[in-house]
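The values are calculated or read from the model by the stated rules, or taken from the named source; none is laboratory data. Worth saying up front: this structure is predicted, and the values here are computed from it rather than measured. As a convention, Cβ positions derive from the backbone with ideal geometry for all residues, glycine included, and neighbour counts pool all protein chains shown. When the accessible area is computed, the model is the full protein with side chains, heavy atoms only, and any ligands, DNA or RNA have been set aside. Shrake-Rupley method; radii C 1.70, N 1.55, O 1.52, S 1.80 Å.
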Amino acid sequence: MFNYTFQWRQAFRALPEMLEGALYTMQIAVLSMIIGIAIAVILAVGRNSSSRWLRAPATAWVEVARNTPALFQIYMAHFGLGSFGIYLSPYVALLAGITFNNAGYLCETFRGALRAIPDTQMRAGRSLGMGPAKAFRLIVMPQMFRIAFLPTMNQMVWAILMTSLGVTVGMAIDLTGVTQALNARTFRTFEFFAMAAIIYYLITKAVMLASRLVAWRLFRY
Amino acid sequence: MIEIENVHKSFGALKVLKGIDLTVDKGEVVSVIGGSGSGKSTLLTCINGLEPIDEGRILVDGTEVHARSTDLNKLRRKIGIVFQQFNAFPHLTVLENVTLAPRKVKGMGRKEAEEIAVRQLEHVGLGDKIKVYPSRLSGGQQQRMAIARALAMSPDYMLFDEVTSALDPQLVGEVLDTLKLLADGGMTMICVTHEMRFAREVSDRVAFFDQGVMAEIGPPEQIFGEAKNEATRKFLSSVR
Ligand SMILES: Nc1ncnc2c1ncn2[C@@H]1O[C@H](COP(=O)(O)OP(=O)(O)OP(=O)(O)O)[C@@H](O)[C@H]1O
Ligand SMILES: [Mg+2]
């Protein structure tokens, strides 16, 4: 029934090339998280604002980011904007698409974390003579950070996996891009994609493990 | 001295304070009793400027709390307040809870702040708990930590809002003992309380609040012995 003979040696020989691709994968994921967190904070402030002109665009961003396929978001950044004459390279388009998605999800994560902290905490800080900014920074923010930490790390894992969608907009240097190129050259589809899958798995596991360690070190209460 | 003059305060259409007049002298302990919703907590949050008022004025050492020019952050340094729900900062150890404001508000050095904090914590019987997080403390211990936290700012006035009513009965005593110690030390205090024995034993004067009005005020012997006001008598017979 099967007459496919596995040829792992070829795949192992390509390992350095694939690991180099994995570095690009990590680079895009990390950048998309850093920019995504910054935007998410702005979106969260916007969504909680009393001004409709701030609330509406922030809400629209969150709704689209969370309720449409990530693939479309990346497509839009590349081909969609291309229709308007704005050309983003595959790298930038992929980064933009994932950042867009991250910001939408993280905005809600941060808002939820903020809501989870009773406003009596703020009052207690103010009663001790702290101004609103100081009370927020010293009392509310650290608690928010703890609540949002693991969900944020989950999003990081999603970001790593989402980078694989870059192949659809011509991304060739990340792990999936490299794998796809190797596959096209050799037709050793199973071996190469199995290897790639294992690398993705190990990366995401490492990220989760590291974040558990960090959380355990950081949040002693 | 805290001078409260004709203070009115509403939440929307609900009139919560309807012309309160009360002067608390240095070193005096005034207990405030009264039914639920009569405006006792609201009065305390008005005194330290957490809530605005609609009419009248409140002076603390001659400074008008609600005047535009008043620096509330500075004024609050000398008015400690402790709430019913302890409000421990869960992300900080007991010691850090107490040193936070002296360091970040007063700009005190870590060492000096810690010395003061340890002294205050020992004073309230938490000398052996300084390294733990509040989640490891009982309710009574958390409340005593909140008292130490307020005292570490060396306030001239302390406001207490039903600091024992969220506690199990067997923990009430330890917190009341702390308050008694403080009163004996000469602290100026306003205590909203449901503990009639405490009000009777510790206060110089007891004020009875009824629906936003201070219906009666006088020494404990008068309020608990021969209250003139009908509502006061009714309230007291209901809590006994
Ligand atoms: N922030 C607020 N917004 C709207 N209404 C409020 C607010 N705070 C208090 N109130 C209302 O004001 C009234 C007086 O409240 P307050 O907390 O001062 O009463 P209290 O005498 O402390 O009662 P209790 O003994 O139950 O603590 C209540 O009817 C309460 O519902
Ligand atoms: Mg109250």
Let me have the relative contact order for the stretch A:8-218, percent, based on Cα pairs under 8 Å that are six or more residues apart. 28
Between Rg and the Kirkwood Rh of chain B, both from Cα atoms, what is the Rg to Rh ratio? 0.97
In degrees, nearest ten, helix A:175-186 long axis to first principal axis of chain A (Cα): 10
Pick from A:ILE42, A:ILE139, A:ILE173: which residue has the top mean-square fluctuation in a GNM of chain A where Cα pairs under 10 Å get a spring? A:ILE139
Using per-residue counts of other Cβ atoms within 10 Å, averaged over each peptide, order B:218-224, A:11-17, A:177-183 from highest down. A:177-183, B:218-224, A:11-17
Take B:LYS15 and A:THR5, extend 7 Å from each Cα along the Cα→Cβ direction, and tell me the distance between the two endpoints in nm. 9.8
Let me check I have the definition right: for the stretch A:93-200, take the eigenvalues of the Cα gyration tensor, multiply each by 5, take square roots. What are those semi-axes in whole Å, largest first? 45, 12, 9
Ignoring any ligand, DNA or RNA, what whole percent of the accessible area of the protein assembly as shown comes from carbon and sulfur when the probe is 1.4 angstrom? 59
Distance between the C-alpha centers of the stretch A:192-208 and the stretch B:25-72? Whole Å please. 62
Rounded to the nearest 5, the percent of antiparallel DSSP beta bridges in the protein assembly as shown equals 55
Let's test the formula: R0 of 22 Å, r as the Cβ-Cβ distance of B:GLU221 and B:THR23. What FRET efficiency results, to the nearest 0.05? 0.65
All other residues with a Cβ under 15 Å from the Cβ of B:THR70 taken together, and with Lys, Arg as +1 and Asp, Glu as -1, what is their net charge? +2
Testing the spin-label approximation: label points 7 Å from Cα along Cα→Cβ at B:ASN229 and A:ALA210. State their distance in nm. 6.5
Positive minus negative residues near B:ASP156 (Lys, Arg vs Asp, Glu; Cβ under 15 Å): +2
At q = 0.09, 0.10, 0.11, 0.14 Å⁻¹, what log₁₀ I(q)/I(0) does the protein assembly as shown have when each alpha carbon counts as one equal point scatterer in the Debye sum? -0.74, -0.83, -0.92, -1.23
Residue list for the stretch B:197-230, given a label point 7 angstrom along the Cα-to-Cβ vector of B:LYS180 and an amide N cut-off under 12 Å: B:197-203
Choice from B:ASN87, B:ASN97, B:ASN48 with maximal GNM fluctuation in chain B (Cα, 10 Å cutoff): B:ASN87
So for the pair B:GLU122, A:PHE72, with labels modelled 7 Å out along Cα→Cβ, what separation do we get in nm? 6.8
Taking 0.36 nm per residue of sequence separation and subtracting the Cα-Cα distance, how much length would be gained by fully extending the chain between A:LEU31 and A:SER50, in nm to one decimal? 3.8 nm
Per residue of B:80-87, what is the mean number of Cβ atoms on other protein chains within 10 angstrom of that residue's Cβ? 4
May I ask for the angle, rounded to the nearest 10°, between helix A:141-162 and the longest principal axis of chain A, with both axes built from Cα atoms and the value confined to 0 to 90°? 20
Tell me, what is the percent relative contact order of chain B, built from C-alpha pairs under 8 Å that lie six or more residues apart? 26
Under a Gaussian network model of chain A whose springs join Cα atoms within less than 10 Å, the largest fluctuation of A:THR25, A:THR186, A:THR120 belongs to A:THR120
Amide H neighbours of B:ILE81 at under 5 Å, excluding residues fewer than 5 places away on the same chain, with H built from the backbone geometry, are B:LEU159
Report the rotationally averaged projected area of the stretch B:88-155 based on its alpha-carbon convex hull, in square nanometres. 3.9
Helical contribution to [θ] at 222 nm, DSSP H n ≥ 4, -39,500 (n - 2.57), averaged over chain B, rounded to 500: -11000 deg cm²/dmol
In whole Å, largest first, what are the principal axis extents of the Cα atoms in the stretch B:1-141? 46, 33, 29
Distance histogram in 5 Å bins (all Cα pairs of the stretch A:8-218, percent per bin): 1, 7, 13, 15, 16, 14, 11, 8, 6, 4, 2, 1, 1, 0
For the cross-link pairs B:LYS18/B:LYS74; B:LYS74/B:LYS106; B:LYS15/B:LYS234; A:LYS134/B:LYS74, which exceed 20 Å when the distance is taken from alpha carbon to alpha carbon? B:LYS18/B:LYS74; B:LYS15/B:LYS234
Dipole check, the stretch A:1-120, charges on Cβ (K,R +1; D,E -1), about Cα centroid: among A:ILE37, A:PHE110, A:ALA93 the Cα furthest to the positive pole belongs to A:PHE110
Just to confirm the number: angle between the C-alpha axis of helix B:139-151 and the first principal axis of chain B, 0 to 90 degrees, nearest 10? 90
Rounded to the nearest 100 Å², the accessible area hidden between A and B, summed over both chains at a 1.4 Å probe radius, is 1900
Neighbouring partner chain Cβ atoms per residue of A:114-127, average, 10 Å criterion: 4
Solvent-accessible ranking of B:SER203, A:SER51, largest area first, probe 1.4 Å: A:SER51, B:SER203
